[in-house]
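Have a look at the structure below before the remarks.
The values are calculated or read from the model by the stated rules, or taken from the named source; none is laboratory data. Just so it is clear, the structure is predicted and the values come from calculations on it, not from any experiment. Heads up, the Cβs are rebuilt from the backbone with ideal geometry, glycines too, and the neighbour counts pull from every protein chain shown.
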Amino acid sequence: MDMESRLRKLESRYRVAMNAALAAKAHYLALTGEPGATPAAIECARARWQQLDARKRGIAARMGEVEDYELGARA
């Protein structure tokens with residue numbers, strides 16, 4: 001697989017992960033303002049948001065590695 005194709009696939013995965021993380025954060029923040037929300041539900045939502053955010057950061061790191069490799073290969 002060429003680097004451009006790999007980078008496009010990673011960018012697509014990053015956008016999906018970013019949208020999921022943003023939705024999870026919104027859900028978490030909504031629960032924190034909800035008087036009837038249980039602490040367990042709030043903690044579960046926070047954990048889900050952090051998990052998705054970590055996935056997004058991992059994909060971004062891989063994108064950086066691919067870009068660095070591609071720049072090194074061109075030099």
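Within the set of pairs 6 or more residues apart or between chains, which connect a residue that is over 30 Å from residue 27 (Cβ atoms) and assigned to a helix (DSSP H, G or I) inside the stretch 52-75 to a residue that is at pLDDT 95 or above and of a type outside the set (Phe, Trp, Tyr) with Cβ atoms less than 7 Å apart? Hits for this filter: 66/10. Scanning the stretch 14-33 for residues that are of a type in the set (Gly, Ala, Ser) and assigned to a helix (DSSP H, G or I) yields 17, 20, 21, 23, 24, 26, 30.
The number of residues in the stretch 22-61 that are under 30 Å from residue 9 (Cα atoms) and either in contact with a strand residue (DSSP E or B) (Cβ under 6 Å, 6 or more places away or on another chain) or charged (D, E, K, R) (or both) comes to 7. Reported count of residues in the stretch 32-56, each being surrounded by 14 or more Cβ atoms within 10 Å (Cβ to Cβ) and under 16 Å from the mean Cα position of the chain (by Cα), is 9.
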